[in-house]
Amino acid sequence: MKSFTDTAISLSKQLYLLQAKYPQGKGYIKKGKLTWHCRLQLDEAYGDYKIKLIYDINNPPKIYVIDPNIYEVTNGKTPPHIYIFNEKTTKLCLYLPSSGEWSTDKFLSDTIVPWASLWLMYFSGWLATGNWYGGGEHPDENEHFIKGKVL
């Protein structure tokens, strides 16, 4: 029987491909954890966002919006599809964990980062209209989201 990480893409390969696809980003690997920062330059209608990705092979990737501060942009109104939302932290929900959309044999540069870009585009639409056009299903809010607390 294969272990969960038998087909996992190494952190160094993940970092290499992130930097190749998004040369404006910077990252490093320390103590078995990949940390990567990047400014996603969406078109003029959607703006620019700085994100932070944290990933180790034993846990799902975590992606945060660093700039602009989403809490300030929304005046504290909670946007859809997030795990953590407070004055300092916005952690995005980009996929349903039990769906199989993400696994360790997939490239962050082909999944998580483009999904973050899409989330940011849908977020811009939500700001303008109050409607979330990105679809999706969010895990049970009581289990996965606590306003103001890190999970």
Quick one: in the stretch 58-76, of everything that is assigned to a loop (DSSP other than H, G, I, E, B) and either without any contact (Cβ under 8 Å) to a residue 12 or more places away in the chain or touching a Ser or Thr at 6+ places or on another chain (Cβ under 6 Å) (or both), which residue is surrounded by the most Cβ atoms within 10 Å (Cβ to Cβ)? GLY76
Taking the stretch 85-96 and keeping only residues that are farther than 17 Å from ASN59 by Cβ, surrounded by 13 or more Cβ atoms within 10 Å (Cβ to Cβ) and either of a type in the set (Phe, Trp, Tyr) or without any contact (Cβ under 8 Å) to a residue 24 or more places away in the chain (or both), one is left with PHE85
Failed item in (1) surrounded by fewer than 19 Cβ atoms within 10 Å (Cβ to Cβ); (2) closer than 21 Å to SER10 by Cα; (3) modelled with pLDDT of 95 or more, with ARG39 passing the rest: (2)
Among the residues listed as LEU53, LEU15, the single one being surrounded by 14 or more Cβ atoms within 10 Å (Cβ to Cβ) and not in a strand (DSSP E or B): LEU15
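Condition check ((1) assigned to a loop (DSSP other than H, G, I, E, B); (2) surrounded by 20 or more Cβ atoms within 10 Å (Cβ to Cβ); (3) at pLDDT 95 or above) across all residues:
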site	(1), (2), (3)
THR78	yes, no, no
TYR83	no, yes, no
SER98	no, no, no
GLU101	yes, no, no
LYS106	yes, no, yes
VAL113	no, yes, yes
Of the residues that make up the stretch 91-109, is at least one in contact with an Asp or Glu (Cβ under 8 Å, 6 or more places away or on another chain) and either among the basic types (Lys, Arg) or more than 26 Å from LYS13 (Cβ to Cβ) (or both)? no
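The values are calculated or read from the model by the stated rules, or taken from the named source; none is laboratory data. Since this is a predicted model, take the numbers as computed values, not measurements. No Cβ is skipped: glycine too gets one built from the backbone with ideal geometry, and neighbour counts run over all protein chains shown.
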